[in-house]
């Protein structure tokens with residue numbers, strides 16, 4: 001798998017790398033990008049095999065929020081059939097393993113996790129990158145990872161866990177810090193199997209009866225911003241874990257703008273000054289992505305394929321960022337002149353490591369104005 005295949009002719013300064021579930025975890029955790037969720041009841045095999053969504057690199061089949069409880073048994077059967085269809089396509093040569101997106105399953109409970117995993121066949125495991133654990137907290141977390149450890153031992157394979165922090169005990173301030181510390185103790189004990197920590201902005205919003213509008217970012221909703229701030233504080237110190245940003249709920253397709261070249265905007269300045277580029281839905285997504293990255297999130301939950309190009313595209317690194325990061329990582333200490341300011345080698349090292357990993361996963365582009373060309377499909 002490789003990012004930005006929706007725009008195969010794009011000229012990168014530095015090309016993104018190929019990756020799959022066996023890529024070293026230290027880099028793979030940066031490759032998730034736009035992780036698209038869809039109901040476990042949906043037949044997605046043909047879309048994967050025939051590469052319907054060229055920008056799809058990471059996906060989650062959901063047994064929880066996107067699936068009614070009474071539909072879970074059918075969803076489990078459907079997901080097993082998905083694995084079998086992919087294996088058949090690999091065997092007959094109609095599909096290549098290098099085109100396989102990272103596939104996860106969002107289980108509903110620990111019990112349902114155990115039931116579904118008991119249905120899996122050994123030959124299917126090479127297709128599965130891992131599992132998402134919803135409403136993850138200090139009470140249920142160890143049970144999720146204990147069973148994940150059992151599966152890794154049983155199959156002799158690597159299967160990762162992605163806890164989703166969205167519980168009410170994290171939403172409410174009086175219990176939040178103790179809960180986050182409890183969660184971190186669990187994750188630290190199973191760190192080699194933690195690929196990414198996901199956040200539930202919609203669940204946090206529901207606790208306070210709020211919902212961000214199309215002209216707001218999640219950072220404008222103060223109660224939710226407060227939750228996200230503490231999650232980042234606990235889990236992203238010294239790049240211990242990658243934490244993905246919450247879902248953007250709005251999309252608006254304008255197919256008449258497909259491959260239409262827009263003026264050479266400085267994307268960040270334009271978006272933050274709220275000058276229109278595409279439409280409210282797309283501009284809002286891109287504005288939030290800028291703030292996600294500024295605050296330390298890595299990647300974003302995605303619920304619509306029109307979001308894929310923008311989320312993954314904006315994770316590409318500009319040449320200036322890459323050169324600064326390279327300089328910092330290859331200098332022993334002190335302060336040196338960078339592309340736009342001074343690079344302090346010690347304080348900026350963690351930032352440089354993150355930028356370098358992003359450059360590997362998403363490539364290096366010329367400058368800030370190059371993002372619009374990289375998106376390829378506008379609207």
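Values quoted throughout were computed directly from the atomic coordinates according to the rules given, and no laboratory measurement underlies them. Please read these numbers as outputs of a predicted model, since none were measured by experiment. Using ideal geometry, Cβ is built from the backbone for each residue, glycine included, and neighbour counts are taken over all protein chains shown.
Would you calculate a helix-derived [θ] at 222 nm for the chain, using -39,500 (n - 2.57) for each DSSP H run of n ≥ 4 and dividing by the full residue count, to the nearest 500?
Values: 15 runs with 153 residues, N = 379.
After summing the helix terms and dividing by residue count, I get -12000 deg cm²/dmol.
Pulled fully out, how much extra length does the chain show between residue 146 and residue 277, if you take 0.36 nm times their separation in residues and subtract their Cα-Cα distance?
Values: separation 131, 0.36 × 131 = 47.16 nm, distance 4.74 nm.
This chain segment gains 42.4 nm when fully extended.
Top mean-square fluctuation among 288, 111, 366, Gaussian network model of the chain, C-alpha springs under 10 Å?
111
So how far, in whole Å, is the C-alpha centre of region 44-67 from the one of region 300-368?
Region 44-67 and region 300-368 have Cα centres separated by 28 Å.
If you take every DSSP beta bridge whose two residues both sit in the chain, what share of them, in percent to the nearest 5, is antiparallel?
Working: 5 of 32 bridges.
Within the chain, antiparallel bridges account for around 15 percent of the total.
How much length is gained if the chain between residue 294 and residue 115 is pulled fully straight, taking 0.36 nm per residue apart and subtracting their Cα-Cα distance, in nm to one decimal?
60.4 nm
Sequence gap at least 6, Cα distance under 8 Å: using those rules, report the relative contact order of region 317-362 to the nearest whole percent.
Numbers: 50 pairs, mean separation 20.2, N = 46.
With pairs under 8 Å counted, the relative contact order is 44 percent.
In percent, how large is the relative contact order of the chain, given Cα pairs closer than 8 Å and 6 or more residues apart?
Values: 652 pairs, mean separation 79.3, N = 379.
This gives 21 percent for the chain.
Once you put a point 7 Å from the Cα of residue 214 and another 7 Å from the Cα of residue 96, both along the Cβ direction, what distance in nm separates them?
Placing both labels 7 Å beyond Cα along the Cβ direction yields 4.0 nm.
If R₀ is 41 angstrom, what is the calculated FRET efficiency for the pair residue 336 and residue 226, using the beta carbon separation as r and rounding to 0.05? Numbers along the way, then the final one.
Details: r = 37 Å, r/R0 = 0.90.
Result of the calculation: an efficiency of 0.65.
Can you sort 90, 267, 102 by how many other beta carbons sit within 10 Å, fewest first?
Fewest to most other Cβ atoms nearby, the residues stand as 90, 267, 102.
Along Cα→Cβ, 7 Å out, is where each label goes; now give me the distance between the ones at residue 27 and residue 123 in nm to one decimal.
Distance between label points: 3.0 nm.
Among 1, 342, 36, rank each residue by its count of other Cβ atoms within 10 Å, from fewest to most, as a rough exposure measure. If you can, show how the numbers build up before the last one.
Numbers: 1 19, 342 9, 36 22.
In increasing order of surrounding Cβ atoms, one gets 342, 1, 36.
Each label point is 7 Å from the Cα along the Cα-to-Cβ direction; what then is the distance between the points at residue 350 and residue 177, in nm?
Taking the simple label geometry, residue 350 and residue 177 are separated by 1.8 nm.
Counting other C-beta atoms within 10 Å, which of 168, 106, 176, 274 has the fewest, and how do the rest follow? Intermediate values should be presented prior to the final figure.
Numbers: 168 15, 106 23, 176 19, 274 10.
With the fewest neighbours first, 168, 106, 176, 274 line up as 274, 168, 176, 106.
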